[in-house]
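Undergrad: Okay, here's the structure, questions in a sec.
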Amino acid sequence: MSKQHYSTTLKAIHWGTLLLVIAAFLSIEFREFYEKGTETRELFKFVHFQIGGLLLLLTIARLVIRKVQGVPDMVSMPKWQTAVAHGVHIALYACLIAMPILGVLTLVFAGKDTTVLGMEMQGWVAANKDFAHDLEEIHESIGEAFMWIIFLHAAGALVHHFVQKDDTLVKMKFSGR
Ligand code: HEM
Ligand code: HEM
């Protein structure tokens, strides 16, 4: 028989990821309230880099754990809905991996004197500000798309729970059923 719920570890990572993603967005948006060059603005950026780095490690761990422990089947629904849900999950994983990598590369190519999870960003390659700027733009554009994909995903989960009244959300709830 297939599993009925995600494992406690995968549930914890799922909801932990939600909190970290919110913190990543808020930390980089809040920097705008402070003048360029101020310590507080730099601190918000630094926090953003660390949270993003953590998200990358957590997502790699999640994909390994998911492979080892397995996940429950999707609830029975029309084929197109299953395909959309799968597509959205893949897009979420892609963003969780691409965003931090693009962010780190931005800092590396900008030659920024900062660290991400203790790793120095300066001195890996010759600084190339134009390329760093392009990477940053891609990071920001994907970041915007990421927000909409999360919104679509969360809305879908809530429609399943409150409208279709199926077990989609229950599989991810700590209390289960
Ligand atoms: C899933 C993780 C991440 C998300 C969702 C995310 C999201 C964002 C967003 C939305 C922006 C644009 C903010 C704006 O223009 O108002 C941004 C900017 C930026 N992010 Fe990330 N990011 C993530 C991870 C990272 C990581 C790991 C790094 C680097 C280690 C990073 C470095 C940057 C940089 C350098 C900027 C431009 C900041 C500035 O110049 O003021 N990001 N990020
Ligand atoms: C209020 C916000 C959210 C709700 C209500 C929610 C709900 C759910 C539910 C019910 C599932 C299980 C779907 C199924 O197996 O059929 C799920 C899976 C998933 N969620 Fe969320 N989620 C939310 C936010 C997020 C965020 C912020 C991310 C990532 C940035 C995310 C990434 C994923 C991924 C990748 C899966 C697929 C898990 C797998 O099978 O590998 N979710 N979500």
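Please treat every number below as a calculation from the coordinates, not as lab data. Since we're looking at a predicted model, the values are computed, not measured. Glycine gets a Cβ as well: all are built from the backbone with ideal geometry, and neighbour counts include every protein chain shown.
Undergrad: Starting at the first residue of segment 11-21, write each ³J(HN,Hα) from the Karplus equation 6.51 cos²θ - 1.76 cosθ + 1.60 with θ = phi - 60°, in whole Hz, x for Gly and Pro.
TA: Taking θ as phi minus 60°, the curve returns 5, 4, 5, 4, 6, x, 4, 4, 5, 5, 5 Hz for segment 11-21.
Undergrad: Less than 19 Å apart at the alpha-carbon level, and either on another chain or at least 8 residues along: which lysines does that give for Lys45?
TA: Within reach: Lys36, Lys112, Lys129.
Undergrad: Which lysines does Lys11 reach when only Cα atoms under 26 Å apart count, and residues fewer than 8 places away in its own chain are ignored?
TA: Correct list for Lys11: Lys3, Lys67, Lys79, Lys165, Lys171, Lys173.
Undergrad: Using Cα pairs under 8 angstrom and six or more residues apart, how large is the relative contact order of segment 24-177, in percent? Present the calculation step by step, with values, prior to reporting the outcome.
TA: On the way: 132 pairs, mean separation 28.8, N = 154.
Value for segment 24-177: 19 percent.
Undergrad: While we're looking at this one, here's another question. In whole Hz and in residue order, list the ³J(HN,Hα) couplings for segment 27-33 that follow from phi through the Karplus curve 6.51 cos²θ - 1.76 cosθ + 1.60, θ = phi - 60°; x for Gly and Pro.
TA: 4, 7, 6, 5, 4, 4, 6
Undergrad: Using +1 at the Cβ of each Lys and Arg and -1 at the Cβ of each Asp and Glu in the chain, identify which of Val125, Gln81, Ile101 lies farthest towards the dipole's positive end.
TA: Gln81
Undergrad: To make sure I understand, if each residue's beta carbon is the centre and we count other beta carbons within 10 Å, what order do Glu136, Glu29 fall in, fewest to most?
TA: Details: Glu136 17, Glu29 11.
In increasing order of surrounding Cβ atoms, one gets Glu29, Glu136.
Undergrad: Fewest Cβ neighbours within 10 Å first, please rank Phe162, Phe109 accordingly. Can you show the working numbers first?
TA: Numbers: Phe162 9, Phe109 22.
By the 10 Å Cβ count, ascending: Phe162, Phe109.
Undergrad: Taking the beta-carbon count within 10 Å as an exposure proxy, list Ile101, Ile149 from fewest neighbours to most. Don't skip to the answer; put the middle values down first.
TA: On the way: Ile101 13, Ile149 18.
Listed from fewest to most nearby Cβ atoms, that is Ile101, Ile149.
Undergrad: With N set to the residue count of segment 8-166, report its C-alpha Rg divided by 2.2 N^0.38 Å to two decimal places. Working shown, then result.
TA: Details: Rg = 17.9 Å, N = 159, 2.2 N^0.38 = 15.1 Å.
Against the compact-globule rule of thumb, the ratio is 1.18.
Undergrad: Express in nm, to one decimal, how much length is gained between Glu35 and Ile65 on full extension, taking 0.36 nm for each residue of separation and deducting their alpha carbon distance.
TA: Values: separation 30, 0.36 × 30 = 10.80 nm, distance 4.22 nm.
Gain in length upon complete extension: 6.6 nm.
Undergrad: Do the sum for the chain: with -39,500 (n - 2.57) for every DSSP H run of n ≥ 4, divided by all residues, what is the mean residue ellipticity at 222 nm, to the nearest 500 deg cm²/dmol? All intermediate terms of the calculation are to be shown ahead of the outcome.
TA: On the way: 4 runs with 120 residues, N = 177.
Counting only the DSSP helices, I get -24500 deg cm²/dmol.
Undergrad: Modelled label-to-label distance, Phe162 and Thr115, 7 Å Cα→beta-carbon offset: nm?
TA: Computed distance between label sites Phe162 and Thr115 equals 4.5 nm.
Undergrad: Dipole of the chain, Cα-centred, from +1 at each Lys and Arg C-beta and -1 at each Asp and Glu C-beta, to the nearest 20 debye? Walk me through the numbers on the way to the answer.
TA: On the way: 16 positive and 16 negative charges, 218 e Å.
Dipole magnitude for the chain comes out near 1040 debye.
Undergrad: Using a 7 Å offset from Cα along Cα-Cβ at Ser7, what residues in segment 59-82 end up with backbone N under 14 Å from the label point?
TA: The answer is 61-72, whose backbone nitrogens lie closer than 14 Å to the label point.
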